[in-house]
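Inspection log for the structure reproduced underneath, given as structure tokens.
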Amino acid sequence: MDDDDLYREVLSADLVDRGFSVSCFADGPSFLDALNNGLEAKIALLDWAMPEMSGFELLGTLKGQGNGLPVVFLTGYSLAERELQALNQGAVDFVDKSRGADVLAHRLQLIIEGRRQSDSTGATQAQVDAQVEVHGELALHRGSERALWRGQDVGLTVAEYRVVTLLVSRKGKLHTYRAIYDTVHYAGFVAGSGARGYTTNVRSMIKRIRRKCLAVDPGFSEIKNVLRAGYCWRDPQF
């Protein structure tokens, strides 16, 4: 859902080319009408800023109706406070429009596949959320892909959550730039400028993760740089 006709048309064509079935809407009310009239969807991709009903307001309406449709925000204004606001309301991811169709399609597919696996087990949302890994002050909710630091939701996107999950899987051990990048995308994915252009993307993501954690705890210092190699999660034994 996006009120920019040209952008909506181009993106929907890009997603169709990548195997998705897409229904487009220019505003929230028309999308809600379609759902009420039987539209079946596996995921909702919403623009944040809309003239009649914002994407955030639409998310609240869906939750108020008891609709568990996964919601992803697509926006040109990827501010940490907006991400946290959306995630606390129940959105599953927050994607910057500048990332392009390939990145967006991959992240949508990860969410859809994760949802399908949860549905196949017959797990309730409460049961899914109960699947928690605890790493000291960090709690990882595997089903909803949420990270809590000292009991507070950090507001990570799905991609950021998976990076943190990778880092804590081997505390004190190096995770290379390439390994981190492959966790976000897939093995061998190429992006950025030059053979190691992906390192800039990884640094930016780690910076965002740190910033979000510092907003919760100004003393946060768990993610350590390994010079010219990658990052590691601090080993509490040292």
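Readers should treat all values here as calculations from the given coordinates under stated rules, not as data from a laboratory. Here the structure is a predicted model, which is why all the values come from computation and not from measurement. Cβ: placed from backbone, ideal geometry, glycine included. Neighbour counts: every protein chain shown.
Structure note, pairs Lys97/Lys173; Lys97/Lys171; Lys173/Lys207: Cα-Cα distances above 24 angstrom occur for Lys97/Lys173; Lys97/Lys171. With both labels modelled 7 Å from their Cα along Cα-to-Cβ, the Leu214 to Arg18 distance reads 3.1 nm. Counted residue by residue at 0.36 nm each, then reduced by the alpha carbon distance between them, the extension gain from Gln109 to Arg203 reaches 31.4 nm. Of the GluC sites (Glu not before Pro) in segment 28-97, the ones in a loop by DSSP (not H, G, I, E or B) with at most 16 other beta carbons within 10 Å are Glu40, Glu52.
Listing Met1, Met205 from fewest to most neighbouring C-beta atoms within 10 Å gives Met205, Met1. For the listed peptides 2-13, 218-229, a ranking on the average number of other beta carbons within 10 Å per residue, highest first, reads 2-13, 218-229.
Across segment 20-59, Cα-Cα pairs more than 16 Å apart make up 30 percent of the total. Given a Förster distance of 45 Å, report the FRET efficiency between Asp96 and Gln237 from their Cβ-Cβ distance, rounded to the nearest 0.05. Computed FRET efficiency for Asp96 and Gln237 comes out at 0.75. Only alpha carbons enter this Debye calculation for segment 5-121, each as an equal point scatterer, and the log10 of I(q)/I(0) it gives at q = 0.18 Å⁻¹ is -1.00.
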